[in-house]
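Undergrad: Provided herewith is a single structure, encoded as structure tokens, for subsequent inquiry.
The values are calculated or read from the model by the stated rules, or taken from the named source; none is laboratory data. Note that the coordinates shown come from a computational prediction; the quantities given were computed from them, not determined experimentally. In this analysis, Cβ positions are derived from the backbone assuming ideal geometry, glycine residues included, and neighbour counts consider all displayed protein chains.
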Amino acid sequence: MQAMILAAGLGTRLQPVTDTIPKALVPVATKGGGEKPLLEIQLEKMRQYGISRVVVNVHHFSGQVKAFISDYLESNNFPLHICISDESDRLLDTGGAIRKARSLFKPGEPVLVHNVDILSDLDLARFFNQHDPAIHLATLPVSRRETSRQLLFDRQWNLAGWINRADGRTKFVEGRSPSDDHSMRAFTGIQVVSPRILEWMDQWPDVFPIIDFYLWASSKGVVRGVDIPGLQITDIGKPDSLRNTVI
């Protein structure tokens with residue numbers, strides 16, 4: 001299994017903490033009374049589930065993230081290969097970040113993509129195995145989490161649209177409409193991407209959001225949602241979540 005950790009964000013919601021460190025290195029309290037950086041938490045979880053190759057994109061205080069990864073690998077003796085996708089010159093959003101990192105992925109294999117600031121109890125290996133690269137362009141674990149932005153799925157759990165409940169904005173896959181029967185679920189910041197969809201990204205600008213891309217791709221193939229009842233998701237990008245989380 002291979003993965004990409006999205007660690008390049010500015011972490012503006014976590015200021016002033018992120019005025020001096022990147023979001024990826026924001027410390028989370030542990031039950032033993034210590035602290036552990038977000039990136040270390042994600043790397044440990046991925047090793048736990050058998051992921052042996054990880055790409056990490058960097059931008060905000062990129063040098064600190066690179067130094068952390070170097071020290072992490074030097075201090076731990078395990079078979080984990082970590083590659084850096086450097087976005088120091090320009091932040092590319094999720095879609096652009098995945099495309100830029102394409103050459104660092106193992107060819108022909110799906111990629112688990114995971115936001116660095118999302119903590120969950122998701123079984124990564126089990127979820128990864130629910131993705132069929134011959135059928136699915138991408139597979140997204142979704143939940144009933146309360147957030148203004150929600151994805152819309154048809155009865156077969158194929159992506160059909162997106163809605164922002166705060167301002168009423170909507171976006172639909174070509175051929176779909178608000179009158180269709182949809183299930184509303186929250187995106188988790190986790191996804192598995194098939195290798196064949198990566199080439200389609202060449203048609204897009206350098207910087208683009210992944211959900212817009214998925215809505216476009218869904219008119220050509222299957223972007224599938226996997227509803228996971230009871231899935232526990234914590235967005236550490238929010239100050240209250242950071243203060244109240246102990247792992």
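Undergrad: Within the stretch 61-86, which residues are over 17 Å from the mean Cα position of the chain (by Cα) and touching a residue at least 40 places away in the same chain (Cβ under 8 Å)?
TA: Of everything in the stretch 61-86, those that are over 17 Å from the mean Cα position of the chain (by Cα) and touching a residue at least 40 places away in the same chain (Cβ under 8 Å) turn out to be PHE61, SER62, GLN64, VAL65, PHE68.
Undergrad: Given the options VAL54, VAL17, VAL28, name the one that is surrounded by 22 or more Cβ atoms within 10 Å (Cβ to Cβ) and of a type in the set (Val, Ile, Thr). Show your work before the answer.
TA: Working: VAL17 fails: surrounded by 22 or more Cβ atoms within 10 Å (Cβ to Cβ); VAL28 fails: surrounded by 22 or more Cβ atoms within 10 Å (Cβ to Cβ).
Answer to the selection: VAL54.
Undergrad: Just wondering, is there one or more residues in the stretch 166-185 that are in contact (Cβ under 8 Å) with a residue 60 or more places away in the chain and buried (at least 19 other Cβ atoms within 10 Å of the Cβ)?
TA: Looking through the stretch 166-185, none of the residues is in contact (Cβ under 8 Å) with a residue 60 or more places away in the chain and buried (at least 19 other Cβ atoms within 10 Å of the Cβ).
Undergrad: When both residues are 6+ apart or on different chains and their Cβ atoms are under 7 Å apart, which pairs have a first residue that lies in the stretch 206-231 and is at negative phi, and a second that is of a type in the set (Ser, Thr, Tyr)?
TA: So the pair list comes out as PRO209/THR94; ILE210/THR94; VAL223/TYR214; ARG224/THR139; VAL226/THR139; ILE228/SER143; LEU231/SER120; LEU231/SER143.
Undergrad: Would you please name the residue that is nearest to VAL226 (Cα to Cα), looking only at residues in the stretch 159-190 that are hydrophobic (A, V, I, L, M, F, W, C) and in a loop (DSSP other than H, G, I, E, B)?
TA: VAL173
Undergrad: Within the bounds of the stretch 214-223, is there any residue that is surrounded by fewer than 21 Cβ atoms within 10 Å (Cβ to Cβ) and under 15 Å from the mean Cα position of the chain (by Cα)?
TA: no
Undergrad: Only one of LEU215, LEU231 is modelled with pLDDT of 95 or more and more than 30 Å from PRO16 (Cβ to Cβ). Can you tell me which?
TA: None of the others qualify; the one that does is LEU215.
Undergrad: Just wondering, is there one or more residues in the stretch 102-118 that are surrounded by 21 or more Cβ atoms within 10 Å (Cβ to Cβ), among the hydrophobic types (A, V, I, L, M, F, W, C), under 13 Å from the mean Cα position of the chain (by Cα) and assigned to a helix (DSSP H, G or I)?
TA: The answer is no; no qualifying residue exists.
Undergrad: Go over the candidates ASP154, ASP89 one by one and state the one that is over 15 Å from the mean Cα position of the chain (by Cα), of a type in the set (Asp, Glu), buried (at least 16 other Cβ atoms within 10 Å of the Cβ) and farther than 17 Å from GLN2 by Cβ.
TA: After applying the criteria, what remains is ASP154.
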